[in-house]
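Accompanying notes for the structure given below.
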Amino acid sequence: DSLITDRGVDASLAGKAAIANAKLAYQLFLKEFGAPRFARLKDQGAMVQRPLWASTSTKNPHYPDLLYVEALVGPDTVDTLPPATVDAVLDHGRAARTIDVELDQARQVVDELERAGISMKAVTDQLLSEGVASFHKSLVTLRDSLAKKMGARVVQGPADYRLGILAQNFNDTIAQLNHNRAIPRLWDHEPTLWSSNSEHEKIIRNALGWLDVPGQVLEDAGSLKAFAQQVFLDGFEHVAVLGMGGSSLVSDVIRHSFPTGRPGLSLWVLDSTHPLTIERLTHTLPLERTLFVVASKSGTTTEPNAYYHYFWDVLERHHIDPAPHFVAITDPDTTLEHEARQRGFRHVFLNPADIGGRYSALSWFGMVPAVLHGIDVGRLLSEAMAMRESCQEGDAAVNPGAQLGAALGSLARRGRDKVTFIMPEPISHMGDWLEQLLAESTGKLGTGLVPVAHEPLADPSIYHHDRVFVAYQWRDEKPPAIDALVEAGHPVIVLRVDDVYQLGQEFFRW
């Protein structure tokens, strides 16, 4: 119909192509399954493959609600109806064989469309592609839901939002998110949720892969574990991640939050170009037993490439073949991928290109170093998948990710834009990861949040009215000074973690 409008074709053809196409398809069905060849197959037990008219609700409100149902009634067909259309059939539907009537008119409709330059093949090819994508998404959602029910942990208890007089702003923002259908639009990767600028839309559309990547990596968890075991069997004892910013900060969180597993390699992270730091690492690591992971999304980031070429040269000067000591994690078709393959790196992990560096914690950028460190990445990702499912809940009032966003957004609009983290020691380094995520993601277009990590807690009375405190509760250990902060009028959000593997949930929530 949109093509008919755009090209100025006779408007009387609108709403007719789908029915005409289906009627002609039914004639092809009769021809194939009424032929002598199929009769012989049928004698051997072959069954008729029936045409299925899929989802025959009427999307255009100007058309009759049973337009497609009543026009496609016939033997050996299947019609899938949404509940509202079933109700309409029971209320006022007419049952009559219609699939093989007015065939000449159907051929005329298709012929007129083709003469007007509207290719039915192009239209149906597009619908096929869109349909497969839609069904694939539903299948993945079903599989993820079953996986969660078959053993993934449930999301840790609800967050405690102690917002005082600012609670109404939070509730109003929740209502606004629901009114704007923000959550389903997010999961549909709809860029207009953020911007209507066409250039921005292109960038946003190619930056939402983090929504789906935990399931993809979880499918690869067995291969990752086998890779790590082989590295361990080959005598490696240490792994050094050579990265910068988002692609390496998660490894620093893992290094400080998880002890080295058994089997597992001691994890080091190099994200500084200070000569003394690099020199100290060079002399600390036993080079012959160290694996170097070069982490660069673009493959051209200056610092990781400098680290990589430096340590490659160091190994050569120590008469060690560098290639088995190097692993690359990068986007497809980068210069790093090509160079790594040319030089014979031990392995090249290709990350989806639609994930930004700071959103890559649960992708191969984060999980390859984690599995080498001896972490059970299957368990960590199952935690993430539990949070992912909870974050698909369409009601922002019970969606843990939307709740957090609504709280921080509504508070920032009231001047509370200094997000101050109170982190317990077992997961204190997560503050560094959160710092970059919030500052780099929201510090755009003159608006944003200012994260404050590792600040010693002071008397609540000295804080200005621009603070919001996010306190993590470790098991049953109540975070310090929470009550005093609330009494002083500061908004406080309390999130609970009982196990370090629940960091998988928190990576996804944030």
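Select from segment 483-494 the residues that are out of contact with any Pro (no Cβ under 9 Å at 6 or more places or on another chain) and open to solvent by less than 20 Å² (accessible area, probe 1.4 Å) and write down the one among them that is nearest to Ala386 (Cα to Cα). Working first, answer last.
First, pick out the residues of segment 483-494 that are out of contact with any Pro (no Cβ under 9 Å at 6 or more places or on another chain): 483, 491, 493.
With open to solvent by less than 20 Å² (accessible area, probe 1.4 Å) added as a condition, the list becomes 491, 493.
Details: Pro491: 27, Ile493: 21 Å.
My answer is Ile493.
Conditions tested, residue by residue: (1) surrounded by fewer than 17 Cβ atoms within 10 Å (Cβ to Cβ); (2) in contact with a Gly (Cβ under 8 Å, 6 or more places away or on another chain); (3) of a type in the set (S, T, N, Q).
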{"site": "Ser223", "(1), (2), (3)": "yes, no, yes"}
{"site": "Ala228", "(1), (2), (3)": "no, yes, no"}
{"site": "Leu233", "(1), (2), (3)": "yes, no, no"}
{"site": "Arg262", "(1), (2), (3)": "yes, yes, no"}
{"site": "Leu265", "(1), (2), (3)": "no, yes, no"}
{"site": "Arg289", "(1), (2), (3)": "yes, yes, no"}
{"site": "Ser298", "(1), (2), (3)": "yes, no, yes"}
{"site": "Tyr308", "(1), (2), (3)": "no, no, no"}
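Please go through segment 31-54 and pick out each residue that is touching a strand residue (DSSP E or B) at 6+ places or on another chain (Cβ under 9 Å) and open to solvent by less than 50 Å² (accessible area, probe 1.4 Å).
Once the filter is applied, which keeps residues that are touching a strand residue (DSSP E or B) at 6+ places or on another chain (Cβ under 9 Å) and open to solvent by less than 50 Å² (accessible area, probe 1.4 Å), segment 31-54 yields Pro51, Trp53.
For the condition within 23 Å of Thr260 (Cβ to Cβ), open to solvent by less than 20 Å² (accessible area, probe 1.4 Å) and in a loop (DSSP other than H, G, I, E, B), what is the one hit in Ala361, Ala384?
Values: Ala384 fails: in a loop (DSSP other than H, G, I, E, B).
Answer to the selection: Ala361.
Could you list, ordered by first residue, the pairs with Cβ atoms under 9 Å in which the first is in segment 216-237 and of a type in the set (Phe, Trp, Tyr) and the second is surrounded by fewer than 18 Cβ atoms within 10 Å (Cβ to Cβ), at least 6 apart or interchain?
Pairs that qualify, where the first residue is of a type in the set (Phe, Trp, Tyr) and the partner is surrounded by fewer than 18 Cβ atoms within 10 Å (Cβ to Cβ), are Phe227/His347; Phe232/Pro263; Phe236/Arg289.
Tally up the residues in segment 401-431 that are assigned to a helix (DSSP H, G or I), at pLDDT 95 or above and more than 26 Å from Pro184 (Cα to Cα), please.
3
From the residues in segment 340-358 that are over 20 Å from the mean Cα position of the chain (by Cα) and not basic (Lys, Arg), which one is surrounded by the most Cβ atoms within 10 Å (Cβ to Cβ)?
Ranking the qualifying residues of segment 340-358, first place goes to Ala340.
How many residues are closer than 21 Å to Leu24 by Cα, surrounded by fewer than 14 Cβ atoms within 10 Å (Cβ to Cβ) and among the polar types (S, T, N, Q) when one looks only at segment 56-103?
Matching residues across segment 56-103 total 1.
Sort out which residues of segment 235-254 are farther than 22 Å from Ala353 by Cα, part of a helix (DSSP H, G or I) and open to solvent by less than 10 Å² (accessible area, probe 1.4 Å), and write them in order of number.
Here is the first cut: in segment 235-254, the residues farther than 22 Å from Ala353 by Cα are 235-240, 252-254.
This time we only want the ones that are part of a helix (DSSP H, G or I), so: 252-254.
Answer for segment 235-254, where residues must be farther than 22 Å from Ala353 by Cα, part of a helix (DSSP H, G or I) and open to solvent by less than 10 Å² (accessible area, probe 1.4 Å): Val253, Ile254.
Take segment 6-27 and flag every residue that is open to solvent by 40 Å² or more (accessible area, probe 1.4 Å) and in contact (Cβ under 8 Å) with a residue 12 or more places away in the chain.
Passing the criteria: Arg7, Asp10, Lys16, Ala18, Asn21, Leu24, Ala25, Gln27.
Name the residues in segment 426-441 that are without any contact (Cβ under 8 Å) to a residue 24 or more places away in the chain and farther than 17 Å from Ile493 by Cα, would you?
If the condition is that a residue be without any contact (Cβ under 8 Å) to a residue 24 or more places away in the chain and farther than 17 Å from Ile493 by Cα, then Ala439 is the only one that fits.
Identify the residue in segment 313-333 that is open to solvent by 10 Å² or more (accessible area, probe 1.4 Å) and either β-branched (Val, Ile, Thr) or out of contact with any helix residue (DSSP H, G or I) (no Cβ under 8 Å at 6 or more places or on another chain) (or both) and, among all such residues, is nearest to Leu270 (Cα to Cα).
The qualifying residue nearest to Leu270 (Cα to Cα) is Asp313.
Which condition does Gly117 not pass, out of (1) outside any helix (DSSP H, G or I); (2) within 43 Å of the chain's Cα centre (by Cα); (3) without any contact (Cβ under 8 Å) to a residue 60 or more places away in the chain, if it passes all the others?
Result: Gly117 fails condition (3) only.
The values are calculated or read from the model by the stated rules, or taken from the named source; none is laboratory data. Being a predicted model, the structure only gives us computed values, none of them experimental. Quick reminder, even Gly has a Cβ in these numbers, built from the backbone with ideal geometry, and neighbours come from all protein chains shown. Quick note on the areas: whole protein, heavy atoms, side chains included, nothing else; ligands and nucleic acids left out. Shrake-Rupley method; radii C 1.70, N 1.55, O 1.52, S 1.80 Å.
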